[in-house]
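Taking it in order: structure first as structure tokens, then the write-up.
We did not get these values from a lab; they are worked out from the coordinates using the rules stated. Predicted model only: the values in this text are computed from it and were never measured. Quick reminder, even Gly has a Cβ in these numbers, built from the backbone with ideal geometry, and neighbours come from all protein chains shown.
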Amino acid sequence: MLLDKYVMAGWGICHFPYLTNQVTNPFSYASLNSIRPYNHHTTSTVWASILYELYWNLLETLPFQLDLYSASPNHGKTLALLLVVIGLKLQSCRPTFIMACNAIMQAKELLTQDQNKCAVTGVH
């Protein structure tokens, strides 16, 4: 069940659950050209799907850390969070998708250089 459908009594703003399976959730950056209706709910669903896939790509390549207070970029979950937060700090106000993705790539370069390049650039 989609959380927003539960909260919104059966109707929701998300078209698909956040999953890395493109059969269940076909939203990707390429789908921005064909999404109708094109509004902030659908575009933010695409962005959330991209970040969710980034998170799982990093978890597949780096170990999982149970320590909730660790900020080490050597673990998948903390690196994903660090990349997004540092990317937010690096990007300008009102960024496009490209600008936001470039900021996350710049954050990756600052934190890990070329390590984990495939996990970050392999997001659809």
Next on the checklist: Given the criterion surrounded by 14 or more Cβ atoms within 10 Å (Cβ to Cβ), more than 21 Å from Y18 (Cβ to Cβ) and either out of contact with any strand residue (DSSP E or B) (no Cβ under 9 Å at 6 or more places or on another chain) or polar (S, T, N, Q) (or both), identify the matching residue among I86, I104, I98.
Outcome noted: I86
Next on the checklist: Restricting to segment 17-48, name every residue that is surrounded by 13 or more Cβ atoms within 10 Å (Cβ to Cβ), within 23 Å of N116 (Cα to Cα) and either aliphatic (A, V, I, L, M) or in contact (Cβ under 8 Å) with a residue 60 or more places away in the chain (or both).
Outcome noted: L19, Q22, S28, Y29, V46, A48
Next on the checklist: Quick check on L83: is it aliphatic (A, V, I, L, M), touching a residue at least 24 places away in the same chain (Cβ under 8 Å) and in a helix (DSSP H, G or I)?
Outcome noted: yes
Checklist entry - Filter segment 60-75 for residues that are surrounded by 14 or more Cβ atoms within 10 Å (Cβ to Cβ) and in contact (Cβ under 8 Å) with a residue 40 or more places away in the chain; which is farthest from A119 (Cα to Cα)? => result L62
Checklist entry - Quick one: is E109 within 22 Å of Q22 (Cβ to Cβ) and acidic (D, E)? => result no
